[in-house]
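Only the coordinates and a few stated rules stand behind these numbers; no lab work does. What you are looking at is a predicted structure, and each value in this text was computed from that prediction instead of being measured. FYI the Cβ positions are ideal-geometry reconstructions off the backbone, even for glycines, and counts take in every protein chain you see.
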Amino acid sequence: MIDVMIFFKIYWVLRYNGAKFWRVDKDKREMALKITSKCINCDMCEPECPNEAISMGFDTYEIDPNKCTECVGYYDHSTCQRVCPIQNAIIADPNHIETQEQLLAKFELIKKKI
């Protein structure tokens, strides 16, 4: 019971005392994705990425945050997350917070380079 109380106390402190993550409007909060250590290297995600942002890293696949648009401009959802057989192996990267407009601008920039 104490662990639950501590969790909620930390949550409310972060939520209402201005932690950076919560300063972005909930509707506008988007992030590049990242692949966690849960990845089993099944090769399902790499061919699905329209921006070629996914490549093999040292131990697991990695997502280049400079290329990841969460499939904005291509699909209504992130295809890599949809095809991944492991739950929570591909998650939002809190180190790369971007708005929908920023992701769309990145998509346009990548599209021009191709």
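Taking 7 Å along the Cα-to-C-beta vector as the label spot, tell me the Asn41-Asn88 distance in nanometres, rounded to one decimal.
Computed distance between label sites Asn41 and Asn88 equals 2.4 nm.
Sorted by average packing, counted as other Cβ atoms within 10 angstrom per residue and highest first, what order do 107-113, 57-63 take?
Numbers: 107-113: 12.3, 57-63: 14.4.
Highest mean packing first, the order is 57-63, 107-113.
Please report the Cα spread of region 25-113 along all three principal axes, rounded to whole Å, starting with the longest.
Dimensions of region 25-113 along the principal axes of its Cα atoms: 32, 30, 22 Å.
Step through the residues of region 89-106 one at a time and calculate ³J(HN,Hα) from phi using the Karplus curve (6.51 cos²θ - 1.76 cosθ + 1.60, θ = phi - 60°), rounding each to whole Hz and writing x for Gly and Pro.
In residue order, the calculated couplings are 7, 10, 10, 5, 9, x, 7, 9, 7, 9, 7, 4, 5, 5, 5, 5, 5, 5 Hz.
Over region 25-113, what is the mean sequence separation of C-alpha contacts under 8 Å (at least six apart), divided by residue count, expressed as relative contact order in percent?
41 percent
Check Leu33: other-chain or 5+ apart residues with amide H under 5 Å from its amide H, H built from backbone geometry?
Here the answer is Glu70, Asp93, since their amide H atoms fall under 5 Å of that of Leu33.
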